[in-house]
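Below is one structure. I have some questions about it.
The values are calculated or read from the model by the stated rules, or taken from the named source; none is laboratory data. These figures come from a predicted structure and were not determined experimentally. Glycine gets a Cβ as well: all are built from the backbone with ideal geometry, and neighbour counts include every protein chain shown. SASA here: full protein model, heavy atoms, side chains in, ligands and nucleic acids out. Shrake-Rupley method; radii C 1.70, N 1.55, O 1.52, S 1.80 Å.
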Amino acid sequence: THELVATIEGKDVLTYQDTDMKFNAIFAYYVCAYKDIAELQFVGLESDSVKQVTPLATPKLTSVSSVAHNKLVLKWERVDGAVGYQVFKSTTKKGEYDCVADIKDGAIVTYTDAKCELGKEYFYYIKACQKIDEQEFYGDASTTVKAQTKPASVKIAGSTTGGTAVKL
């Protein structure tokens, strides 16, 4: 079904912004030219439709920390309406990113990457997913963050034996 959402007057106006969109919905928009002559309005053919999904908020990565020599943990803020997230990883900021996790639960807001090398830099971003009529739609990517694994802390316990020697 069609519903008239706006009538734009003026031949130089070529854009329209819909500020009354429902969340988690797909909208299809059409445009028709019209001309008023006397007291009659003549309407042209409909344009091809353009579909639009109400977007999710962009995820915000809150931290990335090294928890072992080969593990990094990413944490982000939950996005309202998200049913999941995708995590992307690269070894260079402007390089090719691979999807390393496809999380199918919108309540999960952490990811542990256990496929890292000690001291190597990695770059990550995430996208939130919404599902409408069994179709998945992904929002904008978060800002990219850089992380690097660090060696685990070593705790040395020992005692001095006198002088300059330490017994371990």
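Grab the Cα-Cα distance for V53 and I37, subtract it from 0.36 nm times how many residues apart they are, and report the gain in nm with one decimal. Write down the numbers at each step before the final one.
Numbers: separation 16, 0.36 × 16 = 5.76 nm, distance 3.63 nm.
Length gained, V53 through I37: 2.1 nm.
Going down the table (K75/K131; K51/K89; K51/K127; K22/K94; K51/K93; K71/K131), which pairs top 25 Å between alpha carbons?
Listed pairs above 25 Å: K51/K89; K22/K94; K51/K93; K71/K131.
Carbon and sulfur: what percent of the chain's accessible surface (1.4 Å probe)?
Carbon and sulfur together cover 51 percent of it.
What value in Å³ per residue do you get for the convex hull of the alpha-carbon atoms in the stretch 26-77? Please report the intermediate quantities before stating the final value.
Details: hull volume 6.6 nm³, N = 52.
Normalising the Cα hull of the stretch 26-77 by residue number yields 127 Å³.
Shifting gears a bit: So what does the Cα-only Debye profile of the chain read at q = 0.14 Å⁻¹, as log10 I(q)/I(0), no solvent term?
Treating every Cα as an identical point scatterer, log10 I(q)/I(0) equals -0.85.
If you count only protein heavy atoms with a 1.4 Å probe, what accessible area per residue comes out for the chain, rounded to a whole Å²? Spell out each step's value before the answer.
Details: 12370 Å² over 168 residues.
Roughly 74 Å² per residue, with all protein chains present.
Can I ask one more? Using a simple charge model, +1 on the beta-carbon of Lys and Arg, -1 on the beta-carbon of Asp and Glu, nothing else, what dipole does the chain show about its Cα centre, in debye to the nearest 20?
Dipole size: approximately 1780 debye.
May I ask which residue of V145, A114, Y124 lies farthest towards the positive end of the charge dipole of the chain, with charges of +1 (Lys, Arg) and -1 (Asp, Glu) on Cβ and the Cα centre as origin?
After comparing all options, I get A114.
If packing is taken as the average number of other Cβ atoms within 10 Å across a peptide's residues, how do 11-22, 29-40, 49-60 rank, most packed first?
Ranked by mean Cβ neighbours within 10 Å, highest first: 49-60, 29-40, 11-22.
Another question about this same structure. Extent of the stretch 78-124 along each principal axis, from alpha carbon coordinates, in Å, largest to smallest?
Computed over the stretch 78-124, the largest-to-smallest principal extents equal 34, 21, 14 Å.
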